[in-house]
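Notes follow the structure.
The values are calculated or read from the model by the stated rules, or taken from the named source; none is laboratory data. Computed from a predicted structure; not experimentally measured. So basically every Cβ, Gly included, is an ideal-geometry build from the backbone, and we count neighbours across all protein chains shown. Accessible surface is based on the protein model in full, side chains and every heavy atom, while ligands, DNA and RNA are left aside. Shrake-Rupley method; radii C 1.70, N 1.55, O 1.52, S 1.80 Å.
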Amino acid sequence: MLIKIGYDLEFELPAPTPMLLLLYVHPQRAHDLNLPNVLLTEPQVSVHDYIDVFGNRCARVVGPAGKFRVYHSNVIRDSGEPEFQDENAIQHPLEQLPADTLQYLLASRYCEVDRLTDLAWKLFGEVPQGWARVKAVTDWVHQNVTFGYQYASHTKTAWQVYTERTGVCRDFMHLAITFLRCLNIPARYATGYLGDIGVAPAPEAMDFSAYFEVYLSNTWWPVDARHNQRRIGRVLMARGRDAVDVALATSFGPHKLTKFVVVTEEIK
């Protein structure tokens with residue numbers, strides 16, 4: 001399967017502004033691209049790449065004052081199969097987890113493990129460990145949180161999602177991730193492209209889509225608490241502890257986002 005992907009973002013900057021951008025396809029999927037994995041700007045500026053501590057490819061730029069455009073278009077090859085999951089995947093005892101997974105058990109900016117631990121064990125402590133427990137958490141979040149862009153807030157935490165029961169895709173993931181960490185299952189935040197492939201088209205404009213990954217049976221598995229189903233054609237861009245680590249654009253100064261277009265669609 002071939003999938004067209006891309007984005008077109010415009011910022012209004014009052015002064016030259018340093019920015020960090022996580023807009024590349026993740027290095028893990030870069031070999032599937034038809035064209036080089038580049039970031040284009042208008043006006044043209046120097047783009048300096050680096051790999052962050054989570055393995056994401058990032059860009060550093062200094063946007064000039066005025067209108068600053070960042071864009072890219074590409075085609076990626078995909079298996080066309082639903083994301084693989086294993087209902088028999090097992091949960092590892094804490095003392096047997098690899099050291100690099102332990103950070104995904106800890107509290108982070110949007111995931112207050114300490115505030116939700118007692119609740120997590122009350123809700124899910126009787127569910128069998130492993131995939132069954134992951135599924136129970138995912139089902140609960142999917143069924144108890146209402147999606148809507150009007151509920152978006154860049155400061156909303158997992159605790160607030162639980163108490164308000166509303167949010168956008170990142171909020172669904174933050175709550176599920178937090179519950180899973182409380183239950184000693186490593187869980188990390190992820191973001192990327194997700195088109196309406198094999199499902200009814202969504203009424204909202206295309207956007208980047210959050211999901212999360214859990215560590216069971218020595219493997220990281222993709223899970224989506226908003227859609228709560230295995231999807232086709234998801235394209236990873238970045239991973240981290242929560243949304244703070246994978247922000248698409250971080251500016252070190254005032255800015256206004258004036259255009260935001262995302263494209264991800266199957267090429268017939």
Q. Just a yes or no: is a residue in region 31-46 under 16 Å from Met237 (Cβ atoms), more than 19 Å from the chain's Cα centre (by Cα) and charged (D, E, K, R)?
A. yes
Q: Would you mind finding the one in Leu9, Leu20 that is touching a Ser or Thr at 6+ places or on another chain (Cβ under 6 Å), of a type outside the set (Phe, Trp, Tyr) and surrounded by 16 or more Cβ atoms within 10 Å (Cβ to Cβ)?
A: Leu20
Q) Counting only residues that are in contact with a Lys or Arg (Cβ under 9 Å, 6 or more places away or on another chain) and of a type outside the set (Asp, Glu), which one in region 47-62 is farthest from Gln103 (Cα to Cα)? A) Val47
**Q.** Residues (open to solvent by less than 70 Å² (accessible area, probe 1.4 Å), aliphatic (A, V, I, L, M) and over 21 Å from the mean Cα position of the chain (by Cα)) located in region 67-115
**A.** Ala89, Leu97
**Q.** Scan of region 23-48 for residues that are under 19 Å from Pro64 (Cα atoms), in a strand (DSSP E or B) and open to solvent by less than 60 Å² (accessible area, probe 1.4 Å), ordered by number
**A.** Thr41
Q.
For region 143-172: of the residues being basic (Lys, Arg) and within 18 Å of the chain's Cα centre (by Cα), which is most open to solvent (accessible area, probe 1.4 Å)?
A. Arg170
Q. Would you say Val127 is open to solvent by 20 Å² or more (accessible area, probe 1.4 Å), within 17 Å of Gln91 (Cβ to Cβ) and among the hydrophobic types (A, V, I, L, M, F, W, C)?
A. yes
Q. Within region 217-227, can one find any residue that is β-branched (Val, Ile, Thr) and touching a Phe, Trp or Tyr at 6+ places or on another chain (Cβ under 8 Å)?
A. yes
